[in-house]
Each structure stands twice: as C-alpha cells, then as structure tokens.
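Notes to accompany the following structure.
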Amino acid sequence: MASPRTVTIVALSVALGLFFVFMGTIKLTPRLSKDAYSEMKRGYKSYLKALPALKKLGITSVLLRKTIGSLELACGIVLTLVPGRPRDVANFVLLLLVLIVLFFHQLVGDPLKRYAHALVFGILLTCRLLVSRQPEDEVHDKKAAYDENGTVSRAPPKMKVS
C-alpha cells in the first residue's frame, strides 16, 4: 500500500499538472475558450505597457504570452506524467512562473479576484514541493516511535553498530 506522502504527492502533481496544461493551452490557442484567450491577450498587452524595459529588449506581448503558455504547458505535462526529479524541476519552474505572473498583476494594479487563482496555485505548488523534498527518513522515524499496538513507545530507538 502506498504511503500517505506518496498519495499526496501524486494527487497534487496530477491536479496541478492538469491545471497548468489547461492554462498554458488557453494562453496559446482560442480553441478551448475564445473569451479566456482574448482576455489573456489583453492582459499581456497591459503587462508589457507597464514594463517598458521588456519592449526595449524586443519582447512583444505575443512572445511573452506564448513563452509563458508554452512553459506552463510543458511543465504541466511533466508534472502530470513524468516521475522523479523532473517533476520537482517542473514544479520549481511553475512556481517561478506563478511569481512572475503575480508580479505582473501587482504591477498593473489588478484586483485580487483577477489573480487569486495564481496565488492559490502558487501555494499548492509550494506545498507539493515541500512534501516531495521531505526526507524519507523522517517518515520512517515517526513510524518507529509507535509499537505494534499503536501506542507510543517510550524506549529510545535502537542504534545499529556495524
């Protein structure tokens, strides 16, 4: 039977991955929702107006939107389907993207309801990363503190000497 830690990591990975696949796809194509796509286009134009330095670097609103959308889509797929270290890397990249998007929302003065989802999913990405990076030893040490009856053992843990 899988440990609760493993179940939590897998559930968060799949849910977050699918969300970012969905959001990345909306940023890239109007096929899922024309209204959401046009809203994204409008939003990224306002972000670029608020950051003229990006325009000086030759970055257009289309390039910015497609880059962020592509990264969300790719990292969402990795988070959903690929096990191991690549999941954690995708999680970290998505967390950075969420922070960038939150910065953009604050820069243009959007109300909380426009970026609340990014805030919530940023917290979920942080929680997933923290749980996945927790060492396995801590989980086993906590289990070892209980005896076979389920009560807390008062005896100190035995050390193996080799």
| note | Within the under-11-Å Cβ sphere about TYR37, not counting TYR37, Lys/Arg +1 and Asp/Glu -1 give a net charge of +4
| field | Estimated distance in nm for a label pair at ARG31 and ARG114, the labels positioned 7 Å out from Cα along Cα-to-Cβ | value | 2.9
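Only the coordinates and a few stated rules stand behind these numbers; no lab work does. Small disclaimer: the values here were computed from a predicted structure and weren't measured. We place every Cβ from the backbone using ideal geometry, glycine too, and count neighbours over all the protein chains shown.
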